[in-house]
Amino acid sequence: MKKEKLPKLGLLYMDYVLRFFDKSNFKGWPDKIEIVTYHWKNDKDRFIKEVKRKKIDVLIGNVPATAYETFREIANALPNVQFIPSLDTQFSNKSKENVTRFAWKYDIPIPKTYIHYDADKADRFIEDTEYPKIIKKSYGPSNYGGYFVHKVDSKQEARNLLAQKKYHPAYFQDFVPMEADVRVMLIGHKPVCAFWRRAPEGEWLTNTSQGGSMDYMDVPKELLDLAVQVSKDANAEYWACDVAVGVDGEYRILECATAFAAFPYIRDWIGQYIMYKFSNGRFNKPNAPLYNWEELGKMDASVLRTLRYITFGKYTPSYDGAYFLDKKVRETEDGDMYLHEMDSLYPMLLTDDRTEEEWASDKWNYQDNYGKSVRKVHAKSNPKDIKPKKKEFEKKEIEIAQKDEIIEEEKSIIITKKSIKKILTSVDGIGKKKSNKILKKFSHEEIITHLEESPETIEKKFPWFKGNMLDELKSAWNNFKNRL
Ligand SMILES: Nc1ncnc2c1ncn2[C@@H]1O[C@H](COP(=O)(O)OP(=O)(O)O)[C@@H](O)[C@H]1O
Ligand SMILES: [Mg+2]
């Protein structure tokens, strides 16, 4: 019998960027695995040609934030190449703003977040908000571990910080006092590794790069459940989430991405998972039982860095008790559970193969969009002999782009809290009290996003939100927009 033909795999490499995968992570793949390297500057067309020439069907690898928009273009120019993870899945890799927009869309709990592109609006926010607040750089080198994350205790501090750092957009979060955070790594939506990170005494940064501590024990099931949900929302083949455990006991997502530091044996599992996905049953899923990390984590990190191709035996009922021997039972909110029972609640699942773009750049690339739209208009009136004045011309362009941004923002300034309240209370059954409840639960900007993208989220959050309320709210919102 002739074996089914396998798709051609390619690994995506970038000059100057550490490689997440190499061929050894795909041990046993019978065909040649191609490699394509992106050389940055003006390399787009050549890169596309090379992928075509090598007849790659599946291109595997992470795209760093600064190449993200170019790679959306590259992916669009290669409709027959499947990117793993897809550019949609990698949306959160680009910036903290993107993580936030992803979380808003899927109603994922995060610290309350406020994003301002317009300086005046940011100023007004600083004036009116409560402190302490966290200010972060949204886009740029992020693996500095908290280097671009600041706590400000007053409007003066906030103003000074932004004046000095010039972060654009201005990205604020409510300060959430936290016990610790947990990094969870998932493959096919199954947690395969998790560990606690705790801040040093008296500090608030839980990043271990700042001298905190870490351990692998007793990560709560409910926290893993949140990470699984987020991985599913991202449709991620592999994924890492940082989940903050608040002093209030709540779980909130701090970061999530496909780009993260992982031991080689975890990258082997990812490779095996990808081979499983694309081999139509010829390769098995990796077997990484839940809480395997508690056992592996007993080993020194220097050992974990050298271990490769780890496999575990499967649980068999006739051999009960052999599952991690002494650690059979786990406490959960739903009572005690055997580890093997729990493991079956976390199957490693196939991701969906999607063709529709979810996070198309013309809509979601907030960072560049304002400038772009202006540039086009402006280019029409370009005099033929602008070359000597190019510098000045560019300066002008930026000024105009900034003005345009203010105009863009002006539109949302019109949508005041007052008008949102008016929209809410225009719905039968929503009075002053209920509208206040909604405005307490969601920030102004969150409500607008939900009204635009996923009004069901508002319905889901309140038991009294029933019947025709959602339809009424949608039409009230549309009427309001039409009047703008
Ligand atoms: N809203 C917040 N409230 C309190 N602490 C926070 C908040 N956001 C981040 N932190 C702390 O700062 C650390 C770094 O923030 P994070 O968003 O993960 O940025 P980075 O890219 O620097 O890792 C987190 O691990 C956490 O300890
Ligand atoms: Mg972090």
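The values are calculated or read from the model by the stated rules, or taken from the named source; none is laboratory data. Given the structure is predicted, the values throughout are model-derived calculations rather than measurements. In this analysis, Cβ positions are derived from the backbone assuming ideal geometry, glycine residues included, and neighbour counts consider all displayed protein chains.
With respect to the conditions (1) within 13 Å of ligand 1 (Cβ to nearest atom); (2) among the β-branched types (Val, Ile, Thr); (3) surrounded by fewer than 22 Cβ atoms within 10 Å (Cβ to Cβ), Val99 lacks only one, and its number is (3).
Of all residues in segment 443-480, those satisfying the criterion of being at pLDDT below 85 and either on the phi > 0 side of the Ramachandran plot or part of a loop (DSSP other than H, G, I, E, B) (or both) are Ser443, Ser454, Pro455.
Of all residues in segment 406-419, none satisfies being at pLDDT 90 or above, surrounded by 15 or more Cβ atoms within 10 Å (Cβ to Cβ) and part of a loop (DSSP other than H, G, I, E, B). Here Ile187 meets each of (1) among the β-branched types (Val, Ile, Thr); (2) within 16 Å of ligand 1 (Cβ to nearest atom); (3) buried (at least 24 other Cβ atoms within 10 Å of the Cβ) with one exception, condition (2). Residue pairs whose Cβ atoms lie under 7 Å apart, sitting 6 or more positions apart in sequence or on different chains, and linking a residue in segment 254-274 that is more than 16 Å from ligand 1 (Cβ to nearest atom) to a partner that is β-branched (Val, Ile, Thr), are Tyr265/Ile310; Ile266/Val192; Trp269/Ile187; Trp269/Val192; Ile270/Ile187; Tyr273/Ile187; Ile274/Ile60; Ile274/Ile84. Condition check for Ala240 on (1) within 16 Å of Met348 (Cα to Cα); (2) within 16 Å of ligand 1 (Cβ to nearest atom); (3) in contact with a Leu (Cβ under 6 Å, 6 or more places away or on another chain); (4) among the small types (Gly, Ala, Ser): one failure, at (3).
Residues checked against (1) of a type in the set (Gly, Ala, Ser); (2) at pLDDT 95 or above; (3) within 15 Å of ligand 2 (Cβ to nearest atom):
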site: Glu157; (1), (2), (3): no, yes, no
site: Pro169; (1), (2), (3): no, no, no
site: Ile187; (1), (2), (3): no, yes, no
site: Cys193; (1), (2), (3): no, yes, no
site: Trp204; (1), (2), (3): no, no, yes
site: Ser209; (1), (2), (3): yes, no, yes
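Identify, please: which residue in segment 190-208 is away from ligand 1 (no atom under 13 Å from the Cβ) and among the charged types (D, E, K, R) and is, among those, surrounded by the most Cβ atoms within 10 Å (Cβ to Cβ)? Checked segment 190-208; the qualifying residue surrounded by the most Cβ atoms within 10 Å (Cβ to Cβ) is Lys190. Taking Asp248 as the residue in question, decide whether it is of a type in the set (D, E, K, R), modelled with pLDDT under 95, away from ligand 2 (no atom under 16 Å from the Cβ) and part of a loop (DSSP other than H, G, I, E, B). No, not satisfied.
Candidates Thr89, Thr100, Thr70: the one that is within 16 Å of ligand 2 (Cβ to nearest atom) and among the hydroxyl-bearing types (Ser, Thr, Tyr) is Thr100.
Thr311 meets each of the listed conditions (1) outside any helix (DSSP H, G or I); (2) buried (at least 16 other Cβ atoms within 10 Å of the Cβ); (3) out of contact with any Leu (no Cβ under 7 Å at 6 or more places or on another chain) apart from (2).
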